[in-house]
Amino acid sequence: MKKRVSKKKRSSGPPPECPMHSASPTHLNSSDLTYNDYLKIPEILQLQIPQSRPAHHDEMLFIVIHQAYELWFKLILHEMETAMDQMQQGNVLRAHHFLKRIVEILRLLVQQIHILETMTPIDFLEFRDRLTPASGFQSTQFRELEFAAGLKDEKYLKYFIKRPEFVKLLKRRLGDRDLKSCYYEMLRKLGHKIPARAAKIESEGKAREIAKILESLRPIYQNPSDHLPVYLLSESLIDFDMYLTLWRQHHVRVVERVIGFKMGTGGSSGVEYLQSTTSKKCFPLLWQVRSILEKRVD
Ligand code: HEM
């Protein structure tokens, strides 16, 4: 039997207010439980409040699609915590299991953005002004997701300046464990020749040190069948990276289709900025390792 990680001992994890993790969840009497009560459907359905007056027909689509994304982001963050717990306990295939779920959600999120193409550019202009200066830059959960994957960039904190509680949350994420550091530490504990604090070394960008990490990843990819669980997990991290990039690429094309090259409501150049994010990679060395593989000699 594997030991369960005590929630108290964790250096990081979900916010304490998360109902799934709260010490005293509000239980409903089971004989009275209904679908709507359990899922809080009436409460959720109260939360779509258009800003346009009179309400523009398409604003409902705009609100619902963003809320749906945020719910999925919540689940992704929840699954990421467990995937990291499993990596820290050396449960490679269990970590893989949770990552595969995240990847399936991301696959859905790539498709979902296209629903917005049914909104004409001219219809969006009719309520876009009412959204300013609100912007995707202020999606706390999206930034948490990036930070928890290892893409930690302090510059994004400025978009939360009016909400100190979000700044606090994101700062905590900046200092916390992430998928990349957990992955490297797990490999080291399993006996792979990964240097200690490899994620930090990687972020410092010194070519010689990075080459050492790459060399230690090479056997996993050179002989996948000798390292099958780790290979499967590594490839689920690549899937994670790939679907996140695909989301960025699909989002930027939809944005271009709807607002062209207008500036973003968050003050960025819009399409130009979003295009620049499509080259971000959470696990660059897992991509690079393919370039140093050598043909098998039997
Ligand atoms: C018509 C629909 C949409 C338009 C025109 C749009 C436009 C933009 C623009 C211009 C930006 C750049 C930041 C800024 O200056 O505001 C941005 C960022 C962002 N948007 Fe959208 N967006 C749309 C739909 C969505 C949806 C459905 C989501 C789902 C969550 C989303 C999530 C984000 C996120 C997370 C960012 C930050 C990306 C980053 O910094 O890498 N957007 N969006």
**OP:** Confirm whether Ser234 is buried (at least 17 other Cβ atoms within 10 Å of the Cβ) and away from the ligand (no atom under 14 Å from the Cβ).
**Re:** yes
Subject >> Some residue of the stretch 117-135 being under 18 Å from the mean Cα position of the chain (by Cα), part of a helix (DSSP H, G or I) and modelled with pLDDT of 95 or more >> reply: no
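Name the single residue that is nearest to Glu126 (Cα to Cα) among those in the stretch 46-64 being surrounded by fewer than 18 Cβ atoms within 10 Å (Cβ to Cβ) and touching a helix residue (DSSP H, G or I) at 6+ places or on another chain (Cβ under 6 Å). Break it down into steps so the answer makes sense when it comes.
Taking the stretch 46-64 and keeping what is surrounded by fewer than 18 Cβ atoms within 10 Å (Cβ to Cβ), we get 46-55, 57, 60-61, 63-64.
Going one step further and asking which of them are touching a helix residue (DSSP H, G or I) at 6+ places or on another chain (Cβ under 6 Å), we end up with 48, 50-52.
Numbers: Gln48: 18, Pro50: 12, Gln51: 11, Ser52: 8 Å.
Ranking the candidates gives Ser52 first.
Counting only residues that are among the charged types (D, E, K, R) and not in a helix (DSSP H, G or I), which one in the stretch 25-78 is farthest from Glu144 (Cα to Cα)? Break it down into steps so the answer makes sense when it comes.
Start the filter on the stretch 25-78 by keeping residues that are among the charged types (D, E, K, R), which leaves 32, 37, 40, 43, 53, 58-59, 70, 74.
Within this subset, residues satisfying the condition of being not in a helix (DSSP H, G or I) are 40, 53, 58.
Numbers: Lys40: 25, Arg53: 33, Asp58: 29 Å.
Looking at residues that are among the charged types (D, E, K, R) and not in a helix (DSSP H, G or I), I get Arg53.
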Subject >> Residue check for Ala68: touching a helix residue (DSSP H, G or I) at 6+ places or on another chain (Cβ under 9 Å), under 23 Å from Glu165 (Cα atoms) and either among the hydrophobic types (A, V, I, L, M, F, W, C) or at pLDDT 95 or above (or both) >> reply: yes
Original post:
Has the stretch 211-218 got at least one residue that is surrounded by 15 or more Cβ atoms within 10 Å (Cβ to Cβ), more than 19 Å from the chain's Cα centre (by Cα), within 19 Å of Ile201 (Cβ to Cβ) and polar (S, T, N, Q)?
Top reply: yes
Original post:
Which of the residues that make up the stretch 263-277 are surrounded by 15 or more Cβ atoms within 10 Å (Cβ to Cβ) and either more than 9 Å from the ligand (Cβ to nearest atom) or over 17 Å from the mean Cα position of the chain (by Cα) (or both)?
Top reply: Gly264, Thr265, Gly266, Ser268, Gly270, Val271, Tyr273, Gln275
Original post:
Which residues, counting only those in the stretch 140-164, are at negative phi, part of a loop (DSSP other than H, G, I, E, B) and buried (at least 19 other Cβ atoms within 10 Å of the Cβ)?
Top reply: Leu151, Lys152
Original post:
Would a scan of the stretch 94-110 turn up a residue that is more than 13 Å from the chain's Cα centre (by Cα) and either on the phi > 0 side of the Ramachandran plot or within 16 Å of the ligand (Cβ to nearest atom) (or both)?
Top reply: yes
Original post:
Does at least one position in the stretch 218-230 carry a residue that is touching a Gly at 6+ places or on another chain (Cβ under 7 Å) and away from the ligand (no atom under 16 Å from the Cβ)?
Top reply: no
Subject >> Selection count where residues are away from the ligand (no atom under 14 Å from the Cβ) and without any contact (Cβ under 8 Å) to a residue 40 or more places away in the chain, scope the stretch 138-172 >> reply: 8
**OP:** Looking for whichever is touching a Lys or Arg at 6+ places or on another chain (Cβ under 8 Å), of a type in the set (D, E, K, R) and under 30 Å from Asp298 (Cβ atoms) here; the options are Glu202, Glu215. Which one fits?
**Re:** Glu215
Original post:
Is it the case that the stretch 175-190 has a residue that's among the hydroxyl-bearing types (Ser, Thr, Tyr), closer than 29 Å to Lys155 by Cα, within 14 Å of the ligand (Cβ to nearest atom) and in contact (Cβ under 8 Å) with a residue 60 or more places away in the chain?
Top reply: no
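The values are calculated or read from the model by the stated rules, or taken from the named source; none is laboratory data. Given the structure is predicted, the values throughout are model-derived calculations rather than measurements. Cβ: placed from backbone, ideal geometry, glycine included. Neighbour counts: every protein chain shown.
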